[in-house]
Amino acid sequence: MIPVTPSQKSFKRNPVHPHSSDQRKETQTNIFFLLQKIHLRGLYRLLIGMQDVVKNVEKGHVCKTSLKCNDKETPHVFSWSSSPYLPTKDYLVNNRVNHGITCSRILPAVYKRFAQGSGIGVISDENRASFFNVHSQHIQEEYKYSTDIALLQEIASYEELDSKIDIMSDARHGWRKNAKDTSVVCIGEKTHKVISCEHVTKTMDPISQRHERLGTEKIFNYLHENDVTVNVHCHDRNLSINKYVRENTEAINQNDVWHCVKSVKSALKKVSTGSKSSEGKTWSFQLSDKLEPVATHMHWAIQNCNQDEKKLKKSLLNILDHYKNIHTDCHESARCKVDDKYELSRILIISPVAEKLLLSVILNSTLYKYAKDYVLGRDTFYVESFNNVTNIYQNKRIVFGDSQYNARANLSVLHWNENVDRDFTSVSNNQNHRMPRSKKGKKNYKRATYKFRDNIWSRFMKSIYSKRNRRQ
């Protein structure tokens, strides 16, 4: 791999870090390409006065060669490398490849198989480890800058200038059982950008189940240090988080609606299907078509309760009356109230067993028992989406060390903050058999960008050349 370096003139114009991304865009000369060794001989023959190649040495992706001079009076040998040196005595090409490995989530084993299979040389484990130890600091700096900007943008999204924000949070464990690492992420309700992502390990608390509580405390402490107050905190109903928010903060505690309604659907499915022998005992056919309609009714009740706990409970109890064709308490704008010729489109509930089973599902649901935790109708959709992005950088089947795990978590935050809510080109309305009633469509987003990688590289190069300037 050979880089064509900038001219001396361009180097003098910007002596800080001539191989940065900005300088590359300006000169368009920092181009990296691969070259077969045997073709180097043709390059050597073009050099006047060179007789032969004495020695070729591979150093990672760099080829270092010794050229013998053809002058018989003063014979000598000089060295030539396919990559320039940096002030740290490292090769630019190897560092650039190391940067790509670190920021593109490639595992070391995958990189080695690719490099060995391609025959382009392999950077040693020691070199990659040394580079990562330095580079992870620049990743941390870029993460800090990104989250600080995200916090300021979230504060600016509210009309009230009292530094009160709404947040959503969730925990993601490093692997599936008894995880050593846990990432607790906090996302702003308005901007949907990550404000903080706390890394909790077993050295802090040996019990994995307590990691989310510890991470949430660290998030609230971080916001307190920045003079930011939380108005509403939404999460997916971890009881320890509920207790912490109510007893130790002034925030309004809210739980995720989607998880709650999903549990109701699971309970309703058990009483709407079953064996023929247990029909009329543990399940009823009259409830077989109520799964999605009841879920829709619950979502509607939450969105139209006007943050009133009693009104929400009353609306939930009205689900049974509605399917018994009793519409006394239905909403005034509902079709069953407005249309005199309205006919129930679902199976009418007339069986006492079906009535009892549906009522028990509603009364035993978390939504009915703890209605005050759902009156605002909040969800953690963006947190779940962020966890999917984190899976790109942190495979749950692989155990990472603390520094590697933290760097990959920071990269996932940078990826998310740069691309969340980006523009889309069109909306596809293809029918999905898994969601037959969905009418929202699927957004076709623009291609994701990765400017954070150039920013990290610029930080790395600036640190190198600033150290050299200080020594001079």
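The values are calculated or read from the model by the stated rules, or taken from the named source; none is laboratory data. Everything quoted here is computed from the prediction, not taken from an experiment. Because the Cβ atoms are built from the backbone with ideal geometry, glycine has one as well, and the counts that use them run over all protein chains shown.
Okay, here's what the table says:
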{"item": "Residue that is nearest to the chain's Cα centre (by Cα) [pool: residues in region 229-282 that are of a type in the set (A, V, I, L, M) and more than 20 Å from GLU212 (Cβ to Cβ)]", "result": "VAL261"}
{"item": "Pairs where the first residue, in region 314-341, is closer than 12 Å to GLU355 by Cα and the second is among the polar types (S, T, N, Q), C-beta under 8 Å, 6+ apart", "result": "ASP321/THR328"}
{"item": "Complete set of residues in region 267-301 that are among the polar types (S, T, N, Q) and over 25 Å from LYS314 (Cα atoms)", "result": "THR273, SER275, SER277, SER278, THR282"}
{"item": "Pick from region 99-143, criterion touching a helix residue (DSSP H, G or I) at 6+ places or on another chain (Cβ under 7 Å) and basic (Lys, Arg), ranking: farthest from LYS462 (Cα to Cα)", "result": "ARG105"}
{"item": "Single residue of SER438, SER458, SER426, SER412 found to be at pLDDT below 90, not in a loop (DSSP other than H, G, I, E, B) and not charged (D, E, K, R)", "result": "SER426"}
{"item": "Matching residues in region 75-122 - criterion: being farther than 15 Å from VAL62 by Cβ and hydrophobic (A, V, I, L, M, F, W, C)", "result": "VAL77, PHE78, ILE101, CYS103, ILE106, LEU107, ALA109, VAL110, PHE114"}
{"item": "Filtered residue count, region 178-217, keeping only those that are part of a loop (DSSP other than H, G, I, E, B), within 24 Å of ASP148 (Cα to Cα) and not polar (S, T, N, Q)", "result": "4"}
{"item": "Segments classed as helices (runs of 4 or more DSSP H), wholly inside region 299-402, with at least 2 members that are among the basic types (Lys, Arg)", "result": "309-323, 335-338"}
